[in-house]
1. Hey, can you find the accessible area per residue of the chain for me, probe 1.4 Å, expressed in square angstrom?
2. Which percent of the accessible heavy-atom area of the chain goes to carbon and sulfur, probe 1.4 angstrom?
3. So if each residue of separation counts as 0.36 nm, and I subtract the Cα-Cα distance between Ile9 and Asn25, what length gain in nm does that give?
4. List every residue whose amide H lies under 5 Å from the amide H of Trp18, counting only residues 5 or more places away in sequence or on a different chain, with H placed 1.01 Å from N in the peptide plane.
5. Rounded, prolate or oblate: pick one for the chain, where a ≥ b ≥ c are the square roots of the eigenvalues of its C-alpha gyration tensor, a/c under 1.5 means rounded, and failing that, prolate if a/b is larger than b/c, else oblate.
6. Based on the mean of other Cβ atoms within 10 Å per residue, sort peptides 54-66, 32-44 so the most packed one is first.
Amino acid sequence: MRIVWDMIIEAELDYSIWCPANFPNGPRSDKYIQAENKFVGTEVTTGMVADSIINEISQNKFSKMRVGIARND
């Protein structure tokens with residue numbers, strides 16, 4: 001997470017807040033769904049959230065939003 005934090009600072013993003021319900025440990029994965037300002041499911045792994053945050057750094061789709069995220073596998 002420290003590497004992701006450094007990337008966010010360097011990208012000068014405004015802010016985004018990720019809101020997973022249950023947050024068990026897991027490897028990086030893109031097997032998740034997202035929605036702006038909406039609850040989308042009950043569980044997502046730490047690796048899925050990390051992947052989502054890394055993607056946000058380059059895409060900046062969720063600036064100034066609450067990000068609903070959940071696994072879809």
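1. Spelled out: the 1.4 Å probe surface of the chain, per residue, equals 64 Å².
2. Numbers: 2440 of 4690 Å².
Of the solvent-accessible surface of the chain, carbon and sulfur hold 52 percent.
3. 3.3 nm
4. Val67
5. Oblate, since a/c reaches 1.5 and b/c is not below a/b.
6. Most protected by this proxy first, the peptides run 32-44, 54-66.
The values are calculated or read from the model by the stated rules, or taken from the named source; none is laboratory data. Just so it is clear, the model here is predicted, and its values are computed rather than measured. All Cβ positions, glycine included, derive from the backbone under ideal geometry; neighbour counts span all protein chains shown. Ligands, DNA and RNA are excluded from the accessible area calculation, which covers all protein heavy atoms including side chains. Shrake-Rupley method; radii C 1.70, N 1.55, O 1.52, S 1.80 Å.
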